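K.L.:
First, the structure itself, so that you have it in front of you.
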Amino acid sequence: MGVAKKPFRSLPSVPSGIVNSDGDAVSPWCLGGLSVAEVARRVYARLGQHDVFDRAASLSYYFLFALFPTLLFLTALLGLLPIPKLMDRLLDYVTRMLPGDAASLLTRTLAEVVKGARGSLVSIGVLAALWGAASGMVSIRTALNVAYDAHERRTWWRQRFDALALTLSFSLFTLLALVLLVFGERVGDAVAGALGVGAMFTRAWNIARWPAILLLALLGITLVYHFAPAVRQRWHWVTPGSAFALIGWVVASYGLRLYVTYFGNYNATYGSIGGVILLMLWLYLSSLTLLVGAEIDALVRVRSRLRSG
């Protein structure tokens, strides 16, 4: 008689291609049976084990190269909508999140890129921009594989295809969230007029669109956390890691803006490249919150699998 094998779900980590254990069916908001303080303590330990701060710096470097192709691709998508000057209005919101020098650098560079590529935005330019944006998603996948202790076994072409699909999906979520952010009131008025309802519907719509914007952003981050790492896991609409990543990104962005406005003077230190330094710092903080959120979800997943075993 052969010896019965121990089920895989008793292992603390998951190689690529292994089917889920029952632990993935447990809600991630149970935190694997850990308290919030214990999760924070263990995630802090994982930050050092996985070199998260160094990986965030590496990720921000790749983000810088993928930023303008991504914006160029979004510009092409926004051009398909029958809304005049939509990108200009969206960039106005960007200037509220970023420090002034970084925002002016971003808008000025994007204007130059769009002007130079205007003739090819609907053809080869879009494909090139999409390929460049997917490079940023590939770097995210590499960083998330470390958080999940996963080994990449997919071929190079499969990785690129998955990155392109993730980039398209994330762009659509972002596009819907931005349209609701800028033109949510107009959409509500149009729907109210088409349905023949009163002002009560319009007020309810204006209140409900803000949770909808947050939900779309959360779904976009959850989509990346679910499909980017080389592990199979059960789908959850919102996870603790995605919630932390979104809240942390908003807090970090506003905190950086306030610091630069009232305390820091990067132009005095770095001169004309102060805007570049601020943009890199903002990308670093964004990368850090994304990786910390992934570490939270990875820890909760492992703990849930251990409890189920």
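The values are calculated or read from the model by the stated rules, or taken from the named source; none is laboratory data. Since we're looking at a predicted model, the values are computed, not measured. Ideal geometry is used to build each Cβ from the backbone, glycine not excepted, and the neighbour counts take in all protein chains shown.
K.L.:
Tell me, please, whether a residue that is aliphatic (A, V, I, L, M) and either more than 21 Å from residue 31 (Cα to Cα) or at pLDDT below 85 (or both) can be found in region 231-244. If you could, list the steps in order and put the result at the bottom.
P.N.:
If we filter region 231-244 for residues that are aliphatic (A, V, I, L, M), which is where we start, we get 231, 238, 243.
Okay, now just the ones that are also either more than 21 Å from residue 31 (Cα to Cα) or at pLDDT below 85 (or both), so none.
For region 231-244, residues aliphatic (A, V, I, L, M) and either more than 21 Å from residue 31 (Cα to Cα) or at pLDDT below 85 (or both): absent.
K.L.:
Right, here's the next one. Which one of these is more than 21 Å from residue 59 (Cβ to Cβ) and of a type in the set (Phe, Trp, Tyr): 249, 235, 282?
P.N.:
None of the other options fit; the residue is 235.
Residue by residue, here is whether (1) modelled with pLDDT of 75 or more; (2) more than 27 Å from residue 241 (Cβ to Cβ); (3) touching a His at 6+ places or on another chain (Cβ under 9 Å); (4) not in a helix (DSSP H, G or I) holds:
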position: 54; (1), (2), (3), (4): yes, no, no, no
position: 71; (1), (2), (3), (4): no, no, no, no
position: 132; (1), (2), (3), (4): no, no, no, no
position: 145; (1), (2), (3), (4): yes, no, yes, no
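K.L.:
Looking at residue 209, is it among the basic types (Lys, Arg), in a helix (DSSP H, G or I) and surrounded by 20 or more Cβ atoms within 10 Å (Cβ to Cβ)?
P.N.:
No.
K.L.:
In addition: Based on what the data block shows, is residue 153 modelled with pLDDT of 65 or more, surrounded by fewer than 16 Cβ atoms within 10 Å (Cβ to Cβ) and more than 24 Å from residue 172 (Cα to Cα)?
P.N.:
yes
K.L.:
Further question on the same structure: Taking the residues in region 212-247 that are over 15 Å from the mean Cα position of the chain (by Cα) and not in a helix (DSSP H, G or I) as candidates, determine which candidate is surrounded by the fewest Cβ atoms within 10 Å (Cβ to Cβ).
P.N.:
Let us first name the residues in region 212-247 that are over 15 Å from the mean Cα position of the chain (by Cα), namely 212, 230-236.
Narrowing further to those that are not in a helix (DSSP H, G or I): 230-236.
Values: 230: 21, 231: 22, 232: 14, 233: 21, 234: 15, 235: 10, 236: 19.
If we take residues in region 212-247 being over 15 Å from the mean Cα position of the chain (by Cα) and not in a helix (DSSP H, G or I), then 235 is surrounded by the fewest Cβ atoms within 10 Å (Cβ to Cβ).
K.L.:
Could you identify the single residue in 300, 276, 250 that is of a type in the set (Val, Ile, Thr) and either in contact with a Pro (Cβ under 9 Å, 6 or more places away or on another chain) or crowded, with 19+ Cβ neighbours inside 10 Å (or both)?
P.N.:
Going through 300, 276, 250 in turn, the sole match is 300.
K.L.:
Which is in a helix (DSSP H, G or I), modelled with pLDDT of 70 or more and at negative phi, of 173, 183?
P.N.:
173
K.L.:
Consider residue 292 carefully, then state whether it is out of contact with any Gly (no Cβ under 8 Å at 6 or more places or on another chain) and either among the hydrophobic types (A, V, I, L, M, F, W, C) or crowded, with 19+ Cβ neighbours inside 10 Å (or both).
P.N.:
Criteria not met by residue 292.
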